[in-house]
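Below is one structure; the comments refer to it alone.
The values are calculated or read from the model by the stated rules, or taken from the named source; none is laboratory data. Everything quoted here is computed from the prediction, not taken from an experiment. FYI the Cβ positions are ideal-geometry reconstructions off the backbone, even for glycines, and counts take in every protein chain you see. Keep in mind that these areas ignore ligands, DNA and RNA; they rest on the heavy atoms of the full protein, side chains included. Shrake-Rupley method; radii C 1.70, N 1.55, O 1.52, S 1.80 Å.
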Amino acid sequence: MSLFTGALPLVPPAGAAGGQQAKGPKVVALGGGHGLSASLSALRLLTSDLTAVVTVADDGGSSGRLREEYGVLPPGDLRMALAALCDDTDWGRTWRDVMQHRFRPGKGPGGSLDEHAMGNLLIVTLWELLGDAVAGLKWAGALLGARGQVLPMSTVPLTIEGDVRVTAPDGGSALQTIRGQARCAVAGSLEQVRLLPEAAPACVEALTAIELADWVILGPGSWYTSVLPHLLLPEMREALCQTPAKRCLTMNLATDTKETSGMTAADHLHVLRRYAPGFSVDVVLADPASVPDRQEFEKAAGMIGAEVVLGKVGASGRRPVHDPLRLATAYHDVFGNS
């Protein structure tokens, strides 16, 4: 048996992280999953007045099981956002690892904890004790010493529904409706996307944060299942269109994915304009490697009122992931040049 040596880290004192006096611009970052985690990891280096607004449509894995069994918001993307806001201290790194820890199948058959993320269980516990989703996330953030706050985009679980074109029995083509974020994420090419329930309420605290922000950051992330949903929710779409804040759209490093098969970077912008024609953007931030046709991309950006800013924001290596320091540098330049 191994023993811990040395002093245990102390709880960060009040004012050391989320409670400290705000520095930097008021920033609201919207998205879900790994994309939002990337933007938050960069933005927390630039400001302590940071709010993450997270999609709540996940229906797969641990989140899907908890959503179905307890009727709660899917906690997975919320957990990832909280983990991304942890400081690079012993306390922050430890709690980040605790939140992200996933239970592996045990020796017994069908263990109830199999594949559940510890952070998901903690968040659901706080929700049950407090009876309030926003309050539970605030308590979780305080425990982690999170540099910012995490809010759900809606106070009810959402469902993403989409239409895909398939081959009909007569050899022609027909539209088939698929439901659920997990299925839509691997659909290949979605021709129509909807959010259910259609008149779901947006989180009031999220709407207020968007109204009071200096900058709103949308993306990166899965385009149809993490980025677009914020513009499909009526109250949130109106808030994003009406906010006096500057708006920055962060593009993905990989555009031709299981969810966006055959789409170019410019096509991604056309999707946003199609579903939210009243939504304009000030800056579109993209890595040059993800924009092979720069002229077409700049034309598409101009249609949503945006200036294109190109910068190396991808991490070194083969995997298309954003580097937090490079992304932070790019955001810093964008904020300073506004």
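Residues of the range 163-193 being in contact (Cβ under 8 Å) with a residue 24 or more places away in the chain, buried (at least 16 other Cβ atoms within 10 Å of the Cβ) and in contact with a Leu (Cβ under 9 Å, 6 or more places away or on another chain), which ones?
Let us first name the residues in the range 163-193 that are in contact (Cβ under 8 Å) with a residue 24 or more places away in the chain, namely 163-165, 180-182, 184-193.
Remaining after also requiring buried (at least 16 other Cβ atoms within 10 Å of the Cβ): 163-164, 180-182, 184-185, 187, 190, 193.
Asp163, Val164, Gln181, Cys184, Val193 - these are the residues of the range 163-193 that are in contact (Cβ under 8 Å) with a residue 24 or more places away in the chain, buried (at least 16 other Cβ atoms within 10 Å of the Cβ) and in contact with a Leu (Cβ under 9 Å, 6 or more places away or on another chain).
Can you give me the number of residues within the range 56-96 that are in a helix (DSSP H, G or I) and not hydrophobic (A, V, I, L, M, F, W, C)?
Start the filter on the range 56-96 by keeping residues that are in a helix (DSSP H, G or I), which leaves 61-70, 76-84, 90-96.
Narrowing further to those that are not hydrophobic (A, V, I, L, M, F, W, C): 61-65, 67-70, 76-77, 79, 90, 92-94, 96.
Final tally of qualifying residues: 17.
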Original post:
Which residue pairs have Cβ atoms closer than 7 Å, lie 6 or more positions apart in sequence or on different chains, and pair a first residue in the range 127-148 that is open to solvent by less than 70 Å² (accessible area, probe 1.4 Å) with a second residue that is assigned to a helix (DSSP H, G or I) and charged (D, E, K, R)?
Top reply: Val134/Glu205
Subject >> Subset of the range 74-89 that is surrounded by 13 or more Cβ atoms within 10 Å (Cβ to Cβ) and at pLDDT below 90 - its residue that is farthest from Val54 (Cα to Cα) >> reply: Thr89
